[in-house]
Amino acid sequence: MSVETKSREKILEVVNAAIEKFGAKQEELIPILNEVNRQLGYIPTEAMEEISRRLKEPKSSLFGVASFYHMLSTKPRGRHVIQFCESAPCHVVGGREVFESLKEELGLEPNETSPDGKWTLITTSCLGVCSVGPVIVIDEDIYGNVDARKVPEILARYE
Amino acid sequence: MKYYRSHVLVCVDPECLQKGAHELVDALQDELVATGLIDEVQVLETSRIGGCSLGPEMMVYPEGVHYVGVTPDDVPYLVEEHFLKGRLVNKFQMPTTKVVDEELGAPTQKEVRIVLRNCGKIDPENIEDYIAEDGYQALAKVLTEMTPEEVIDTVLRSGLRGRGGAGFPTGKKWQFTRQAPGEIKYVVCNADEGDPGAFMNRRVLEGDPHSVIEGMIIAAYAIGAHQGYIYCRAEYPVAVSTLNIAIQQARNLGLLGKDILGSGFDFDLEVRMGAGAFVCGEETALIASIEGRRGEPRPRPPFPAVQGLWNKPTNVNNVETYANIPQIILKGAEWYAGYGTEKSKGTKTFALAGDLNHTGLIEVPLGITLREIIYDVGGGIKDGKAFKAVQIGGPMGGCVPAEYLDLPLDYESLAQAGTIMGSGGMIVLDEDTCMVDVARYFMDFTQDESCGKCTPCRVGTRRILEILTRICDGKGQDGDIELLENLCQEIRTNSLCGLGQGAPNPVVSTLRYFRDEYEAHIYEKRCPAKVCRSLIRYEILPDACTGCTVCARNCPVNAISGERRQTHVIDPDTCIRCGICMQVCNFNAVVIE
Ligand SMILES: Cc1cc2nc3c(=O)[nH]c(=O)nc-3n(C[C@H](O)[C@H](O)[C@H](O)COP(=O)(O)O)c2cc1C
Ligand code: SF4
Ligand code: SF4
Ligand code: SF4
Ligand code: FES
Ligand code: FES
């Protein structure tokens, strides 16, 4: 896969900044992991090792935490992450058709990344904006009232 | 994640696109970059803003201003006036400006707003606005005139019950935490709001954060805590930033920190974020997550009131529970208890979703009937369809059918009907809904969210999901219903936390009220609501089809054939039953058989 992996320097830089920001304490572990995940798109093994060393937490417990929370990913993701809301309120107002159309257009199943490293498709539970469902989120852009026909057009907006 | 002070939503429906919506978006982006506002104002694409004929159109939040007919040439002027100078541009405002807040409209006759009273009315980022609405008066009263015991007594007498789901009396919980031995105590606000379809807490946090903060300070005073945490789900970035601004403003005015209002009482507050795990809404899991661990529940007792955060006595309440407190203190326990029923006092917020004419947030006195909520407040079922059921209480709740429309909404009646009050999600389902599909849906959710710590929940939910999936796929077998019933019983009694204990509810309740639908799927291989894909077929009505080719061009698998102006035909073997053709046909020629 040609998914971009990050250089070691970049990883350490991001980890340092995150630890600096929150402090090297166990109770700050989730904010730190969140920050690294946000900056790099995922949490590379090198980052885990560095955080483990600095927080004096065993690596196993770090992996335990990272694997527990849906938003934290230890695998590289595509340049754009598409989150599809799979909760019932969106489902009953046409979410299923949107999901089919998304999978079809992208040629991806949930949790897959396209071979060119452009897209990762993930599902999410309710984002709390059900009154404009069905909802998809691409990177940080929220699209409400999506219908299946609009999907190709929305996707075309991303490089 | 960035925090934006403004969001611009541009409609990109076909009609608006034709009028240059994309050009408008690009021009807006360029201008925001040029003026250095790009980190403060976010441009989003949306649809159906409403004034279709006047496009391109946009809505600007938080003001909720609706601008129409904006061209790229107008953008520099608009950005300068609206975003730099903060002035509304009348020229582009939607004529007969009717700004609709899709989530929270004006209260209807049956509503009473206590928790939502300030939402949409005050600027949540300006503490002065809150203070002008009697904000922090209750805190001042508590700190100068009341002992902690008197505060607890008032809350007890108000009858307020926890709004996070279980409905435990709030005053009692405070009493337990106060009486628990230990010097250090904490108050925690549960803002994890993970039930699909529920966004009441988000709205309060984004619209009136100080009411929650004030409620927490009062609780801290009552139980003797000096530090508090608000645990907010990471999916709510706007709520987190609004809270942080509010906390800072409260600190600046001496309402948080040392010696609050000169009373000698110290208390401070911090926001903690989750990272996407539904089970973290369960209080012991939430505590583990704040401590930086995996958010797994642990057995109770000991309850958090005795052993909570870092093993200290901790009071955990929901956002809405805290938001009620200032009004109860100011207007009195009797005033609050004047709303509701004998055992369920006060008001409750609900998020109405699904097939209703008016979805969105409401706040109603407890004891109101489902019929009043659905028809009077929610405006009835969309498109004149018939009501089928309402799912209350989220994934651990149940479906209630039409026979129960006159059920008064209180904790006890709901339990009798086989559901729970839950946090306030209410999904209304019309006649076109397949109840087996709905049950499968919720099971898919709980199965996914089970933390896996105990076997009945981890394995049992997966088993139930497998069975429901095969029933929906037309492969249900004789005995499946009994198997489901046994599994439900097993999971309910042997799971450690509320997630596992409540997970069977959607299945149990649909089996109780819609058993015939299960039977139709299993024995007749038929989905009465025509939803389950393996059990339906899409067909084109020759009489209605004009041969416009739209469906054939949109079918993702090229299952539709036909010449222009000739009747089109669907090949059932290629068709994946995605339903797109039915959506795109303008002549209602595609039907489900
Ligand atoms: C799986 C699960 C999820 C929960 N999610 C929430 C939630 O999102 N918000 C909430 O306030 N309570 C939630 N609860 C209930 C809490 O455990 C706890 O009872 C509540 O926060 C107490 O506050 P209250 O007394 O004000 O209701 C959940 C419980 C379970 C078992
Ligand atoms: S019941 Fe389910 S969610 Fe709760 S602790 Fe057990 S496995 Fe985890
Ligand atoms: S879209 Fe409708 S009318 Fe047009 S060809 Fe298809 S079925 Fe016929
Ligand atoms: S349902 Fe989907 S796959 Fe089947 S014919 Fe219609 S568009 Fe094509
Ligand atoms: S169900 Fe999709 S945003 Fe709530
Ligand atoms: S097409 Fe843009 S508002 Fe309807």
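Read the figures in this text as sums done on the coordinates, not as results from a lab. In this text, all values refer to a predicted model and were calculated from it rather than measured experimentally. Positions of Cβ are backbone-derived with ideal geometry, glycine not excepted, and every protein chain shown enters the neighbour counts.
Observations, loosely collected:
- 10 Å Cβ neighbours from other chains, averaged over peptide A:81-91: 6
- Cα convex hull of the range B:479-593 - mean projected area over all directions, nm²: 9.5
- Entry note, chain B: relative contact order of 11 percent, from Cα contacts under 8 Å with a spacing of 6+ residues.
- Each of B:Thr35, B:Thr321 was scored by other Cβ atoms within 10 Å of its Cβ. Listed from fewest to most, they are B:Thr35, B:Thr321.
- Distance histogram in 20 Å bins (all Cα pairs of the protein assembly as shown, percent per bin): 16, 50, 32, 3, 0
- 3J(HN,Hα) from dihedral phi, the range A:84-89, Karplus parametrisation 6.51/-1.76/1.60, rounded to Hz, x for glycine, proline: 9, 6, 9, 7, 3, x
- Those residues of the range B:550-593 whose amide nitrogen sits under 15 Å from the label point placed on B:Arg537, 7 Å along Cα→Cβ: B:569-577, B:591-593
- Ordering B:Asp437, A:Asp141 by the number of other Cβ atoms within 10 Å of each residue's own Cβ, fewest first, gives A:Asp141, B:Asp437.
- Applying 0.36 nm per residue to the separation of B:Val557 and B:Arg462 and subtracting their alpha-carbon distance, the gain on full extension is 31.1 nm.
- Sorting B:231-239, A:77-85 by average packing, meaning the other beta carbons within 10 Å per residue, from highest down gives B:231-239, A:77-85.
- Of the DSSP H helices in chain A, those whose Cα atoms cover at least 20 Å axially and whose Kyte score averages -0.5 or more: A:8-22
- Annotation: amide H of B:Val65 within the under-5 Å range of B:Val60, sequence separation 5 or more or interchain, hydrogens built in the peptide plane.
- Packing rank of B:558-566, B:76-84, B:173-181, where each peptide gets the mean count of other beta carbons within 10 Å, highest leading: B:173-181, B:76-84, B:558-566
- Global form of the range B:127-336, assessed from the alpha-carbon gyration tensor, a/c cut-off 1.5: rounded
- The dipole here belongs to the range B:347-430: it is taken about the Cα centre, uses +1 on the Cβ of Lys and Arg and -1 on the Cβ of Asp and Glu, and is about 180 debye.
- Of the residues B:Gln583, B:Gln179, B:Ala386, the one whose Cα sits farthest toward the positive end of the charge dipole of chain B, with +1 on the Cβ of Lys and Arg and -1 on the Cβ of Asp and Glu, is B:Gln179.
- Lys/Arg +1, Asp/Glu -1 at C-beta; chain A dipole; positive extreme among A:Ile82, A:Val92, A:Val151: A:Ile82
- Spin-label model, A:Glu109/B:Leu84: points 7 Å from Cα along the beta carbon direction are separated by 5.4 nm.
- Computed over the range B:347-430, relative contact order equals 37 percent, with contacts defined as Cα pairs under 8 Å that lie 6+ residues apart.
- Extents of the range B:6-92, largest first, come to 31, 22, 20 Å (Cα atoms, principal axes, whole angstrom).
- Within 10 Å of each Cβ in A:118-129, the average number of Cβ atoms from other chains: 5
- FRET efficiency, 1/(1 + (r/R0)^6) with R0 41 Å, evaluated for B:Phe587 and A:Ala156 via beta carbons: 0.90
- Across A:Lys25/A:Lys75; B:Lys331/B:Lys388; A:Lys10/A:Lys56; B:Lys348/B:Lys385, pairs whose alpha-carbon gap is larger than 29 Å: B:Lys331/B:Lys388
- Stokes-Einstein diffusion coefficient of the range A:80-155, Kirkwood radius over Cα pairs, 25 °C, 0.890 mPa s, in µm²/s: 204
- Taking the empirical scaling 2.2 N^0.38 Å for compact globular proteins as reference, the range A:52-120 has a Cα radius of gyration ratio of 1.47.
- Rounded to the nearest 20, the size of the Cβ-charge dipole of the range A:60-109 about its Cα centre is 300 debye, with Lys and Arg at +1 and Asp and Glu at -1.
- Overall form of chain B: oblate. Here a/c, set by the Cα gyration tensor axes a ≥ b ≥ c, is 1.5 or more, and a/b is not larger than b/c.
- Listed from fewest to most Cβ neighbours within 10 Å, the set B:Phe265, A:Phe68 follows the order B:Phe265, A:Phe68.
- Most simply put, chain B has about 55% antiparallel DSSP beta bridges, counting only bridges with both residues inside it.
- Nonlocal amide H pairs with B:Asn315, under 5 Å, H built at 1.01 Å: B:Tyr186, B:Val187, B:Val188
- When +1 charges are put on Lys and Arg Cβ atoms and -1 charges on Asp and Glu Cβ atoms, the dipole computed for chain B relative to its Cα centre reaches about 1280 debye.
- For peptide B:290-300, the mean count of partner chain Cβ atoms within 10 Å of a residue's Cβ comes to 4.
- Distance (nanometres) between label positions extended 7 Å along Cα→Cβ at B:Glu145 and A:Asp116: 6.9
- Ellipsoid equivalent to chain A - semi-axes via the Cα gyration tensor, in Å: 32, 17, 12
- Relative contact order, percent, the range B:127-336 [alpha-carbon distance under 8 Å, six or more residues apart]: 32
- Net charge of Cβ neighbours under 15 Å - reference B:Cys548; Lys, Arg +1; Asp, Glu -1: +2
- Within the shell of other residues whose beta carbon sits under 10 angstrom from the beta carbon of B:Arg113, the net charge comes to 0, with Lys and Arg scored +1 and Asp and Glu -1.
- Ranked by how many other beta carbons lie within 10 Å on average, peptides B:371-377, B:250-256 from highest: B:371-377, B:250-256
- Radius 14 Å from Cβ of B:Asn588, net charge of other residues (Lys, Arg +1; Asp, Glu -1): -3
- Cα gyration tensor, the range A:8-68 - rounded (a/c under 1.5), prolate or oblate: rounded
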